[in-house]
Amino acid sequence: MPTWEIEDKIGGAVCGVDEAGRGPWVGPVVAGAVMFLSRDVNPEILAHIDDSKKLTAKKREKLYDLLLAEARAGHLTYGIGEASAAEIDALNILQATFLAMKRAVEKLSPQPAHALIDGNRLPANFACATSCYIGGDARSYSIAAASVLAKVYRDNLMKELALKYTGYGFEKNAGYGTKEHIEGLKKYGITPEHRKSYKPIKELLEQTK
């Protein structure tokens, strides 16, 4: 379970950063950034928040709402950053993820002095100091909060895309390569939101030439 240990070790104005959506074949990669301005937050958040992948959709959505309520109360600041499918194709998924992270952190007010990044790679050209932590979303409250915000925000985006592009099951698969998604590709072809640099989409494009 997450703690404040990493935040305490670094000290000062520290934010957590995590992403959602590196693996899907469609849609943007989304990053969340969270900086707690007070630790006097709803105890339900600290009791239940964790790596978003370990939580049910219902729990994530509840925590998302609680985190937004804390932001409105002035107890935390958060930012959401996106990099589009076109940017993923142009830059590659790693660099597009870093771009989304940078955009998320730039939206924080006040700005942090240090960003805790989930994973094992550090982005370049950040406006503040950075450090990375493997499994950080299960170790740091700030990273765990960023993880939940990024995941729920992206899932909601994919539900909107499902209304625009029916037949792919985006509301259920979030753009991952499920059976329904593959059937939709066979029947309707790719959408403008598909990542053309990803192998399954690239192969489908080559087959249809």
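The values are calculated or read from the model by the stated rules, or taken from the named source; none is laboratory data. Note that the structure is predicted; figures quoted are calculated from it, not measured. Here Cβ is always computed from backbone atoms with ideal geometry, including for glycine, and neighbour counts include all displayed protein chains.
Data for the structure
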quantity: Hits in the stretch 144-165 - residues which are among the acidic types (Asp, Glu) and either touching a residue at least 40 places away in the same chain (Cβ under 8 Å) or within 11 Å of Asp51 (Cα to Cα) (or both); calculated: Asp155
quantity: Cross-chain or 6+ apart pairs with Cβ under 9 Å, the stretch 96-111 first and of a type outside the set (Gly, Ala, Ser), then assigned to a helix (DSSP H, G or I); calculated: Thr97/Ile88; Phe98/Leu91; Leu99/Glu87; Leu99/Leu91; Gln111/Val105
quantity: Qualifying position, being closer than 24 Å to Lys62 by Cα, assigned to a helix (DSSP H, G or I) and more than 20 Å from the chain's Cα centre (by Cα), among Leu185, Leu163, Leu205, Leu149; calculated: Leu163
quantity: Enumeration of residues in the stretch 29-77 that are polar (S, T, N, Q) and not in a helix (DSSP H, G or I); calculated: Ser38, Asn42, Thr56, Thr77
quantity: Verdict on Gly177 being surrounded by 15 or more Cβ atoms within 10 Å (Cβ to Cβ), touching a Phe, Trp or Tyr at 6+ places or on another chain (Cβ under 6 Å) and in a loop (DSSP other than H, G, I, E, B); calculated: yes
quantity: Some residue of the stretch 176-189 being under 28 Å from Gly16 (Cα atoms), touching an Asp or Glu at 6+ places or on another chain (Cβ under 9 Å) and not acidic (Asp, Glu); calculated: no
quantity: Failed criterion for Val14 (all others in (1) touching a Lys or Arg at 6+ places or on another chain (Cβ under 9 Å); (2) farther than 19 Å from Lys151 by Cα; (3) touching a residue at least 60 places away in the same chain (Cβ under 8 Å); (4) not polar (S, T, N, Q) hold); calculated: (1)
quantity: Filter result for Ala57 (among the small types (Gly, Ala, Ser) and modelled with pLDDT of 95 or more); calculated: no
